[in-house]
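Q: Just dropping this structure here.
The values are calculated or read from the model by the stated rules, or taken from the named source; none is laboratory data. These numbers come from a predicted model, not from an experiment. So basically every Cβ, Gly included, is an ideal-geometry build from the backbone, and we count neighbours across all protein chains shown. Keep in mind that these areas ignore ligands, DNA and RNA; they rest on the heavy atoms of the full protein, side chains included. Shrake-Rupley method; radii C 1.70, N 1.55, O 1.52, S 1.80 Å.
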Amino acid sequence: MRVLVVGLLAFAFTLAAAVGCSGDESNGGDANCEPGATRTCVGPGACEGGQRCSPDGRLWGVCECAASTGGSGGVPVDGSAGGSGGTGGASGVGGSLDSGTGGDPSKCPQGRGPAMVDMGSYCIDSTEVSRLQFQEFLDDQKNAATPQFGGCKSNSFDNVANCPGAPATTPHLPAGCADWCDAWAFCSWAGKRLCGKLGGGPLTKDEITQPQVSEWAHACTQGGSSLYPWGDSPANNCNFGPCSGGYCTHLVGSHPQCTGTAPPFDGVFDLLGNVYEFVESCDLNPATLGCYAVGSSYYDGQKACSEGVWKATALAQGYDDFGIRCCADRAP
């Protein structure tokens, strides 16, 4: 059952601009491992497959059932830059995308939140924002509060902070229970922004899933060439749920078989499954006020990139399976 979460917020809006593996992170109780190392699955939920050590060497990722942990697109949990880089980012937008500059992470903001992937004319987070990364944002608010958007000024970030599963015990799960205000503030703090139009600007509802218009949809469909990030058919081992109960997300970046098939798309994880992701798209009509999230979550099984658009009917409304991914302008 999807759980509605609503933060305490004054809505004075300024009209301005495959399951079957354990989710246990240790998968065997190892305290330390070599960053980026892989091994055959062990421990609870072990299956035929492998798992990868996180970049900080603190834990082993989830077991990837019936899938290799290798490959050019494998990004460690909460990890380093996604994908194998490469040249010749796909156009898919009538030639408006730079056709030869994909894969240079130095062109993208780095240092806060997930590592970013250079998509040719914009940058996108390689994974959903994790609980650990959102906690770093919360900790920084004690020193200098991040400015919030218009009617979000009294947003408290309590929804994410109190979502099932404390950051101390599940740091590499996605930051669920987010609302649009949370997402906007986190991306701003990270020196990024919510994903919007190719070339800049907010999206209308109808534009959100159009790969020739939307940054998120462009990344999800490999530049408009596929229905899912990996191709035109559902994939059983990319089904994050549903599960028997509880908070059933998977570690961010732990499904390397569910990305695009070539650079730079092979460096972007979890565009479908896990949690929905807010984009830069809001209905500003006071009578129908609300903002949009896109993708799919562990509640849904699988949807194609064009199928999943949810509207949160208030700036501070979200659900336990709503999360955050940021985009950014690419440096020249």
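Q: Report the residue count in the range 275-291 for those that are open to solvent by less than 10 Å² (accessible area, probe 1.4 Å) and more than 14 Å from Gly318 (Cα to Cα).
A: Residues flagged as open to solvent by less than 10 Å² (accessible area, probe 1.4 Å) and more than 14 Å from Gly318 (Cα to Cα) within the range 275-291 amount to 1.
Q: For the range 181-200, name all the residues that are modelled with pLDDT of 95 or more and more than 14 Å from Phe137 (Cβ to Cβ).
A: Result: Arg193, Leu194, Cys195, Gly196, Lys197, Leu198.
Q: Looking only at the range 238-252, decide whether some residue is open to solvent by less than 50 Å² (accessible area, probe 1.4 Å), in a loop (DSSP other than H, G, I, E, B), in contact with a strand residue (DSSP E or B) (Cβ under 6 Å, 6 or more places away or on another chain) and among the hydroxyl-bearing types (Ser, Thr, Tyr).
A: yes
For (1) in contact with a Cys (Cβ under 7 Å, 6 or more places away or on another chain); (2) of a type in the set (D, E, K, R); (3) at pLDDT below 95, each residue gets a yes or a no:
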| site | (1), (2), (3) |
| --- | --- |
| Asp118 | yes, yes, no |
| Ile124 | yes, no, no |
| Thr127 | no, no, no |
| Gln133 | no, no, no |
| Thr146 | no, no, yes |
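Q: Follow-up. What residue, among those in the range 292-315 that are open to solvent by less than 50 Å² (accessible area, probe 1.4 Å) and more than 17 Å from the chain's Cα centre (by Cα), is modelled with the highest pLDDT?
A: My answer is Ala312.
Q: Go through the range 119-135 residue by residue and tally those that are open to solvent by 20 Å² or more (accessible area, probe 1.4 Å), polar (S, T, N, Q) and in a helix (DSSP H, G or I).
A: Start the filter on the range 119-135 by keeping residues that are open to solvent by 20 Å² or more (accessible area, probe 1.4 Å), which leaves 121, 132, 135.
Pick out the ones that are also polar (S, T, N, Q) and you get 121, 135.
Filter once more, so that each one left must be in a helix (DSSP H, G or I): 135.
Within the range 119-135, residues that are open to solvent by 20 Å² or more (accessible area, probe 1.4 Å), polar (S, T, N, Q) and in a helix (DSSP H, G or I) number 1.
Q: Scan the range 251-291 residue by residue and report those that are closer than 23 Å to Thr170 by Cβ, among the hydroxyl-bearing types (Ser, Thr, Tyr) and over 11 Å from the mean Cα position of the chain (by Cα). Let's see the steps before the verdict.
A: As a first pass, look at the range 251-291 and keep what is closer than 23 Å to Thr170 by Cβ: 251-259, 268-278.
Pick out the ones that are also among the hydroxyl-bearing types (Ser, Thr, Tyr) and you get 254, 259, 276.
Hits for the range 251-291 are Ser254, Thr259.
Q: I'm told Gly318 meets every condition in (1) buried (at least 18 other Cβ atoms within 10 Å of the Cβ); (2) under 17 Å from the mean Cα position of the chain (by Cα); (3) assigned to a loop (DSSP other than H, G, I, E, B) except one. Can you identify the failing condition by its number?
A: Just one mismatch for Gly318, condition (3).
Q: Separate question: Failed condition for Ala190, given (1) over 15 Å from Glu277 (Cα atoms); (2) open to solvent by 30 Å² or more (accessible area, probe 1.4 Å), with all others met?
A: So Ala190 meets the others, but not (2).
Q: Just need a number here: residues in the range 136-176 that are open to solvent by 30 Å² or more (accessible area, probe 1.4 Å), among the small types (Gly, Ala, Ser) and closer than 19 Å to Ser254 by Cβ.
A: 1
Q: Being open to solvent by less than 30 Å² (accessible area, probe 1.4 Å) and polar (S, T, N, Q): is that true of Ser226 here? I'd like the intermediate steps shown before the answer.
A: Working: open to solvent by less than 30 Å² (accessible area, probe 1.4 Å): yes; polar (S, T, N, Q): yes.
Criteria met by Ser226.
Q: Which residue pairs have Cβ atoms under 7 Å apart, sit 6 or more places apart or on different chains, and have a first residue in the range 175-187 that is under 18 Å from Pro147 (Cβ atoms) and charged (D, E, K, R) and a second that is at pLDDT 95 or above and crowded, with 24+ Cβ neighbours inside 10 Å?
A: Asp182/Ile324
Q: State yes or no: is Lys192 touching a Ser or Thr at 6+ places or on another chain (Cβ under 9 Å) and of a type in the set (Lys, Arg)?
A: Working: touching a Ser or Thr at 6+ places or on another chain (Cβ under 9 Å): no; of a type in the set (Lys, Arg): yes.
Here the answer is no, as Lys192 does not meet what is asked.
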